[in-house]
Amino acid sequence: MLHKDSLFRSLTQNYKSIMWICIILLIILFFTDNFFFTNKQKVKNDGYLIRNERTAVKIAEAILFEHYGKMKIYLEKPFTISLKSDSLWYIEGTSYTTGFASGGVFHITLSARNGRVIEMYHDK
């Protein structure tokens, strides 16, 4: 019996170590900005308030966290970011389907000129 107990403790300890490593990696991925967007798109007009992807995402996150909660928004990363007509930033979350359940994602449109929210909603 002693042998089974030590084997069980050893396996439990290994699973705990693996679990902590996975948790740490997920935290690093969630909080690493460079992993989630490339900052390739830029507004050509230097007089505009939001000129690049990084700024658009930071402003969108501040607004979305307030309305939907930080964890809900982080779980929708990576974001899809597009610049239309050199004046509107469209940012939306990524939907993950697990089993039979699937949730909606946020959508937010920001004016590149002044940072104003043009539209914001979350699918069900």
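Can you tell me which lysines have their Cα less than 16 Å from the Cα of K40? Leave out same-chain residues fewer than eight positions away.
By straight Cα distance, K40 reaches K58, K84.
Pairs K42/K124; K16/K124; K77/K124; K44/K72: which are spaced more than 25 Å apart, C-alpha to C-alpha?
From the list (K42/K124; K16/K124; K77/K124; K44/K72), the Cα-Cα distance tops 25 Å for K42/K124; K16/K124; K44/K72.
Pull out the extension gain between M19 and N114, defined as 0.36 nm times the separation in residues minus the alpha carbon to alpha carbon distance; nm, one decimal.
Contour length minus Cα-Cα distance gives 29.8 nm.
A short reminder: the numbers here are calculations on the coordinates, not readings from a lab. Quick caveat, the model's predicted, so the values are computed rather than measured.
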